[in-house]
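Trainee: Sharing a structure here in structure tokens format.
The values are calculated or read from the model by the stated rules, or taken from the named source; none is laboratory data. Quick caveat, the model's predicted, so the values are computed rather than measured. Here the Cβ is made from the backbone with ideal geometry for all residues, glycine too, and neighbour counts use every protein chain on show.
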């Protein structure tokens with residue numbers, strides 16, 4: 001009995017790790033306070049961050065003290081998914097409190113804002129023109145933490161035998177080097193370097209330093225939170241738009257590709273299937289965007305290319321920055337290709353959302369292979385390959401079928417979300433655009449999910465954003481495991 005009490009396993013182990021992670025969540029909530037020396041007028045809001053941070057620290061300390069001295073075993077099968085889901089829920093729940101305690105929003109709106117931040121979506125119910133700077137920075141920092149990944153961020157500081165499983169459970173496939181800790185830190189360093197370079201370039205070309213910090217974080221995180229109601233369009237600067245486009249592409253690109261480029265393996269980087277597929281999409285969709293803007297908005301070719309190119313990259317990288325109003329400038333002929341690019345999304349192993357370029361390209365190749373086989377000698381066994389990071393990688397049928405399943409589930413959830421929004425009284429086109437944006441973590445909006453939206457609509461958005469960031473598999477596995485374990489306990 002005494003030996004068993006000294007061993008930590010099962011759900012108690014999940015709670016232990018949750019308490020440990022709660023300490024870091026508390027630190028993240030306190031992080032925007034560093035701007036107070038620069039903006040002392042926001043000092044009165046500090047309490048709204050200190051209270052939830054204290055709750056996080058208190059919870060963490062109590063849990064760690066309660067389980068102090070016990071030997072930790074490995075997490076049981078599927079408990080890693082439960083821990084990842086609970087960590088995200090805890091982070092969002094506590095991070096919603098500063099908005100709620102300051103009476104800027106209801107708790108549902110606050111939860112929506114925090115979810116949008118951590119999932120790097122960018123949909124917002126805040127009026128950024130009157131929101132204090134400390135809250136604007138907090139929104140951007142949530143996108144920083146969520147973009148790089150809460151578990152990745154934790155494993156970059158905490159080396160643990162359960163780290164690799166948690167790292168993978170959050171949806172990461174980007175183990176850049178054999179050592180997990182080094183891999184997590186390398187990704188974090190790449191991420192921070194891009195943000196710092198973005199801030200410097202923004203400032204050089206006339207953006208105020210506070211705006212530059214927020215926009216650089218949001219661009220690399222492919223989050224899209226802006227400190228201006230007009231987003232990037234407020235600055236009316238081609239240079240700033242080009243910088244933003246580069247940062248969005250960097251954020252939406254697989255971190256493995258960044259590593260190859262840094263190692264000067266350019267040939268391998270540009271042979272990667274996602275890079276080639278993105279190039280193909282540019283050739284197809286940018287001309288469509290340009291033609292539509294010229295035809296229906298009577299814009300010049302140069303202006304159409306400027307607006308169309310920016311919004312194509314904003315949608316395909318699932319960032320959501322804008323230079324013009326989506327509702328005013330985008331004719332119905334352009335909404336369909338815009339929705340398609342939002343569904344496709346960015347690269348696997350990036351901060352982007354959507355189905356991901358790799359999955360869509362694999363599905364297209366799989367369909368081509370199946371069609372080709374139907375007109376070929378079925379006795380002939382073919383080995384299928386896909387160019388992954390410059391290397392021909394074998395693809396088996398199990399991987400292809402698993403990929404089809406993921407895409408089917410994604411589209412099914414998309415249809416369900418659209419259906420609920422239409423039942424809530426919104427038009428079909430508005431519903432399609434808005435939930436596609438939420439599920440793809442894009443943030444472009446038709447005004448459905450706003451401060452005036454009902455709790456039902458905001459709830460649909462919250463669920464969509466969470467499914468998008470953690471991906472449906474993690475959530476389904478976690479919930480199913482909890483239900484099964486609960487049933488077994490009742491039977492006993």
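Trainee: Is the stretch 206-215 home to any residue that is over 21 Å from the mean Cα position of the chain (by Cα), crowded, with 17+ Cβ neighbours inside 10 Å, modelled with pLDDT of 95 or more and not in a helix (DSSP H, G or I)?
Mentor: yes
Trainee: Same structure, new question: From 227, 249, 220, 275, grab the single residue that is farther than 20 Å from residue 354 by Cα and within 23 Å of the chain's Cα centre (by Cα).
Mentor: The unique qualifying residue is 227.
Trainee: Given the condition out of contact with any helix residue (DSSP H, G or I) (no Cβ under 6 Å at 6 or more places or on another chain) and part of a strand (DSSP E or B), answer yes or no: does some residue in the stretch 367-381 qualify?
Mentor: No, the conditions are met nowhere in the stretch 367-381.
Trainee: A further question follows. Of the residues 475, 429, 482, 442, which is buried (at least 19 other Cβ atoms within 10 Å of the Cβ) and in contact (Cβ under 8 Å) with a residue 24 or more places away in the chain?
Mentor: Result of the check over 475, 429, 482, 442: 442.
Trainee: Residue by residue through the stretch 455-473, note down the ones that are modelled with pLDDT of 80 or more and within 15 Å of the chain's Cα centre (by Cα).
Mentor: 461, 462, 463, 464, 465, 466, 467, 468, 469, 470
Trainee: Take residues that are at pLDDT 90 or above, touching a helix residue (DSSP H, G or I) at 6+ places or on another chain (Cβ under 8 Å) and within 28 Å of residue 229 (Cβ to Cβ) and tell me which of the helices (runs of 4 or more DSSP H) falling wholly in the stretch 85-198 contain 2 or more.
Mentor: Correct list: 97-101, 107-118, 133-148.
Trainee: Further question: Suppose we filter the stretch 1-17 for residues that are in a helix (DSSP H, G or I), in contact (Cβ under 8 Å) with a residue 60 or more places away in the chain and either within 30 Å of residue 214 (Cβ to Cβ) or touching a strand residue (DSSP E or B) at 6+ places or on another chain (Cβ under 8 Å) (or both); how many remain?
Mentor: Residues flagged as in a helix (DSSP H, G or I), in contact (Cβ under 8 Å) with a residue 60 or more places away in the chain and either within 30 Å of residue 214 (Cβ to Cβ) or touching a strand residue (DSSP E or B) at 6+ places or on another chain (Cβ under 8 Å) (or both) within the stretch 1-17 amount to 1.
Trainee: Looking at the stretch 338-351, which of its residues are modelled with pLDDT of 85 or more, over 11 Å from residue 439 (Cα atoms) and part of a loop (DSSP other than H, G, I, E, B)?
Mentor: Of everything in the stretch 338-351, those that are modelled with pLDDT of 85 or more, over 11 Å from residue 439 (Cα atoms) and part of a loop (DSSP other than H, G, I, E, B) turn out to be 346, 347.
Trainee: Ok, one more. Quick one: how many residues across the stretch 19-49 are touching a helix residue (DSSP H, G or I) at 6+ places or on another chain (Cβ under 7 Å), more than 20 Å from residue 148 (Cβ to Cβ) and outside any loop (DSSP other than H, G, I, E, B)?
Mentor: Within the stretch 19-49, residues that are touching a helix residue (DSSP H, G or I) at 6+ places or on another chain (Cβ under 7 Å), more than 20 Å from residue 148 (Cβ to Cβ) and outside any loop (DSSP other than H, G, I, E, B) number 8.
Trainee: Considering only the stretch 298-337, how many residues are closer than 26 Å to residue 217 by Cβ and either touching a strand residue (DSSP E or B) at 6+ places or on another chain (Cβ under 6 Å) or not in a helix (DSSP H, G or I) (or both)?
Mentor: Matching residues across the stretch 298-337 total 9.
Trainee: Quick check on the stretch 256-268. Is at least one of its residues closer than 19 Å to residue 344 by Cβ, buried (at least 22 other Cβ atoms within 10 Å of the Cβ) and over 21 Å from the mean Cα position of the chain (by Cα)?
Mentor: no
Trainee: Go through the stretch 48-81 and report how many residues are touching a residue at least 40 places away in the same chain (Cβ under 8 Å) and more than 22 Å from residue 27 (Cα to Cα).
Mentor: So the count comes out to 12.
Trainee: Which of the residues that make up the stretch 385-406 are touching a helix residue (DSSP H, G or I) at 6+ places or on another chain (Cβ under 6 Å) and either farther than 19 Å from residue 258 by Cα or free of Cβ contacts under 8 Å to residues at least 40 places away in the same chain (or both)?
Mentor: Result: 386, 400, 403.
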